[in-house]
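> Mind looking over this structure? Questions follow.
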Amino acid sequence: MQEMMQTPARRPVPWLTKTMASAILSTKEVAMINDRIRSARLLRGLSLDELAARLGDISKQGLSKFEKGHAKPNMARLIQLAHVLEVKPEYFFRGEEGAATFTLIGPARWSKPHQAQIVEQLREQLERYNALEQWFAVQDERAAPPPAQSILVSAADEVEQAAATLRDDWRLGSDTIFGLLDLLDLHGIKVALLRAPDSLEGTMASVNDGEQVVLALNAGDSAAALRCFAMREVGRWLLELPTTMSPRQREVAYEQFAQAFLYPKSQVHADFGAQRRSRVHAQELRLAMQRYGLSAAAVVDRLKTLGLLSSAALKYAVTAAQNLDAQALDTRPAERPSRFESLVYRGLAEGLYTASRAAELLQVSLTDLASFSGKVSA
């Protein structure tokens, strides 16, 4: 601990320390501002026409000049843009990730505007995370992201073993996984919870050809859904499936990988037996879903995949699962990656920035931040 407190001077992070009012902009900074205006617009999912309409005193063409670097906005305009785009004015002066290339992994589920919005949300969250890591000089402590398609699956029946292999590699045994998103972060997969349309269940993004890997999830989903969607997308990144598989077969394989990772076959057999059942009790499903953080429907799907249900048992289990899931029995706390939050509160405790800045980094209100701090101190 003593050594950590005596580390060399931290690398400066401009967006944490710069006072905009006294900033003298270099050519590079001006170019950065132009890029950031476009990023902020895409972040909010707005077209140039829509942003111009919200501003009310500038045309689409005028905004386009800002974004292309053909004109430089003054400070009053930046403050106006910040207000309309719901960002802090400092947003336009920070961000070393602007040149990073983000590639969404998976089927094209969204329109190009939605894809652009997802990418900009990822970019915005990743730059804050990377800046904090640079500030505290902890980049070298992180595991490298796992290589894409690093687990070979030659046939559909090998998916189960692929999930077991990953558990072995991560030394998880067959235990219930608590804090899944923190586990992924520990193994080099950063996690971003996005304000996204319901159509976003999850997607992986490769940054600069795998230099970093980011998992995007919908912050509005339940804890059980987040866990399944997260591991489905991790499977999409890690598994090398046969090229002969159809798109539908591939999706089934990714779903099976997620369920097998979260609820290992050995544990399913321990809970439900290894023989085909002619009937299951709803309470069995309830206990399994609560123990492993899955929806009842996912538990039933797991039993079906492993061939443990007769047709009559499957029909009953599906109905029971629908009733259980309708009761919203997901009592686990919401899945949230905590490492980023820990770094933010560390900086706040050391007086590196204000409570306002901490609230911005955490994307919460000052009231919520103060409320949480008060509960802890009490």
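The values are calculated or read from the model by the stated rules, or taken from the named source; none is laboratory data. The model shown is predicted, which means the values in this text are computed figures rather than measured ones. Cβ atoms come from the backbone with ideal geometry, glycine included; neighbour counts cover every protein chain shown. When the accessible area is computed, the model is the full protein with side chains, heavy atoms only, and any ligands, DNA or RNA have been set aside. Shrake-Rupley method; radii C 1.70, N 1.55, O 1.52, S 1.80 Å.
> Kindly list the number of the only condition in (1) under 26 Å from Leu152 (Cβ atoms); (2) touching a residue at least 60 places away in the same chain (Cβ under 8 Å) that fails for Gly293.
(1)
> Can you tell me how many residues in region 98-122 are of a type in the set (Val, Ile, Thr) and either more than 15 Å from the chain's Cα centre (by Cα) or open to solvent by less than 30 Å² (accessible area, probe 1.4 Å) (or both)?
Of the residues in region 98-122, 3 are of a type in the set (Val, Ile, Thr) and either more than 15 Å from the chain's Cα centre (by Cα) or open to solvent by less than 30 Å² (accessible area, probe 1.4 Å) (or both).
> Related question: Quick one: in region 229-251, of everything that is farther than 14 Å from Pro146 by Cα and loosely packed, with under 15 Cβ neighbours inside 10 Å, which residue is farthest from the chain's Cα centre (by Cα)? Let's see the steps before the verdict.
Filtering region 229-251 for residues farther than 14 Å from Pro146 by Cα gives 229-230, 232, 241-251.
Those still in the list that are loosely packed, with under 15 Cβ neighbours inside 10 Å too: 242-244, 246-249.
Values: Pro242: 27, Thr243: 28, Thr244: 30, Ser246: 27, Pro247: 24, Arg248: 24, Gln249: 25 Å.
Looking at the filtered set, the residue picked out is Thr244.
> Right, something else. Counting only residues that are farther than 19 Å from Glu255 by Cα and of a type outside the set (Asp, Glu), how many does region 192-213 have? Spell out the reasoning first.
Narrowing region 192-213 to residues farther than 19 Å from Glu255 by Cα: 192-197, 206-213.
Cutting the leftovers down to of a type outside the set (Asp, Glu) gives us 192-197, 206-208, 210, 212-213.
Number of matching residues: 12.
> How many residues are of a type in the set (S, T, N, Q) and at pLDDT below 90 if we restrict to region 177-207?
1
> Just give me the residues in region 179-230 being part of a loop (DSSP other than H, G, I, E, B) and of a type in the set (A, V, I, L, M, F, W, C), in sequence order.
Scanning region 179-230 gives Ala196, Leu200, Ala219.
> Within region 267-278, identify whether any single residue is at positive phi and either touching an Asp or Glu at 6+ places or on another chain (Cβ under 9 Å) or surrounded by fewer than 19 Cβ atoms within 10 Å (Cβ to Cβ) (or both), and answer yes or no. So that I can check it myself, show each step before the final result.
Going residue by residue through region 267-278, those that are at positive phi are 273.
Filter once more, keeping what is either touching an Asp or Glu at 6+ places or on another chain (Cβ under 9 Å) or surrounded by fewer than 19 Cβ atoms within 10 Å (Cβ to Cβ) (or both): 273.
Looking for residues that are at positive phi and either touching an Asp or Glu at 6+ places or on another chain (Cβ under 9 Å) or surrounded by fewer than 19 Cβ atoms within 10 Å (Cβ to Cβ) (or both), one finds at least one in region 267-278, hence yes.
> Quick test for you: out of His70, His83, pick the one residue that is closer than 15 Å to Met32 by Cα and either surrounded by fewer than 16 Cβ atoms within 10 Å (Cβ to Cβ) or free of Cβ contacts under 8 Å to residues at least 60 places away in the same chain (or both).
None of the others qualify; the one that does is His70.
> Would you mind finding the one in Ile105, Ile118 that is farther than 16 Å from Ser39 by Cα and among the aliphatic types (A, V, I, L, M)?
Of Ile105, Ile118, the one residue that is farther than 16 Å from Ser39 by Cα and among the aliphatic types (A, V, I, L, M) is Ile105.
> What do you reckon, is Asn218 out of contact with any strand residue (DSSP E or B) (no Cβ under 8 Å at 6 or more places or on another chain) and more than 13 Å from Ile105 (Cβ to Cβ)? Write out each step before concluding.
Details: out of contact with any strand residue (DSSP E or B) (no Cβ under 8 Å at 6 or more places or on another chain): no; more than 13 Å from Ile105 (Cβ to Cβ): yes.
No; evaluated as a whole, the condition is false for this residue.
> State the number of residues belonging to region 348-360 that are part of a helix (DSSP H, G or I), modelled with pLDDT of 80 or more and surrounded by 13 or more Cβ atoms within 10 Å (Cβ to Cβ).
4
> Can you go through Leu329, Leu308 and tell me which one is on the phi < 0 side of the Ramachandran plot and at pLDDT 90 or above? Break it down stepwise before answering.
Values: Leu329 fails: at pLDDT 90 or above.
Just a single option satisfies the conditions, and that option is Leu308.
> So for region 84-94 (the condition being under 20 Å from Gln212 (Cβ atoms), at pLDDT below 85 and under 19 Å from the mean Cα position of the chain (by Cα)), does at least one residue qualify? Please lay out each step first, then the result.
The first filter runs over region 84-94 and keeps only residues under 20 Å from Gln212 (Cβ atoms), leaving 94.
From what is left, the residues that are at pLDDT below 85 are 94.
Filter once more, keeping what is under 19 Å from the mean Cα position of the chain (by Cα): none.
No, every residue in region 84-94 fails to be under 20 Å from Gln212 (Cβ atoms), at pLDDT below 85 and under 19 Å from the mean Cα position of the chain (by Cα).
> I'd like the residue in region 161-178 that is assigned to a helix (DSSP H, G or I) and among the charged types (D, E, K, R) and, out of all such residues, is farthest from the chain's Cα centre (by Cα). Break it down into steps so the answer makes sense when it comes.
Of all residues in region 161-178, those assigned to a helix (DSSP H, G or I) come to 161-169.
Those still in the list that are among the charged types (D, E, K, R) too: 167-169.
On the way: Arg167: 21, Asp168: 24, Asp169: 22 Å.
In this case the residue turns out to be Asp168.
> If you don't mind, another one. Return only the number of the condition from (1) of a type outside the set (Lys, Arg); (2) open to solvent by less than 50 Å² (accessible area, probe 1.4 Å); (3) farther than 30 Å from Ala116 by Cβ; (4) without any contact (Cβ under 8 Å) to a residue 40 or more places away in the chain that Gly202 does not satisfy.
(3)
> Scan region 303-315 and report the pairs whose first residue is closer than 16 Å to Met289 by Cβ and whose second residue is open to solvent by 40 Å² or more (accessible area, probe 1.4 Å) and among the aliphatic types (A, V, I, L, M), with Cβ atoms within less than 7 Å and a gap of 6+ or a chain change.
Lys304/Leu314
> Applying the selection to region 332-347, what residues are among the small types (Gly, Ala, Ser) and at pLDDT 85 or above?
Ser338, Ser342, Gly347
> Turning to a different aspect of this structure: Scan region 130-160 residue by residue and report those that are open to solvent by 20 Å² or more (accessible area, probe 1.4 Å), outside any loop (DSSP other than H, G, I, E, B), closer than 15 Å to Ile189 by Cα and touching an Asp or Glu at 6+ places or on another chain (Cβ under 8 Å).
Gln139
> Take the conditions more than 20 Å from Gln322 (Cβ to Cβ) and among the acidic types (Asp, Glu) and apply them to Glu251. Does it pass?
Spelling it out, Glu251 is indeed more than 20 Å from Gln322 (Cβ to Cβ) and among the acidic types (Asp, Glu).
> Right, Ala163: over 22 Å from Asp209 (Cβ atoms), of a type in the set (A, V, I, L, M, F, W, C) and open to solvent by less than 20 Å² (accessible area, probe 1.4 Å) or not?
Here the answer is yes, as Ala163 does meet what is asked.
> If you don't mind, another one. Tell me, which residue of region 170-199 that is open to solvent by 30 Å² or more (accessible area, probe 1.4 Å) and among the acidic types (Asp, Glu) is nearest to Ala260 (Cα to Cα)?
Only one residue tops the list, namely Asp175.
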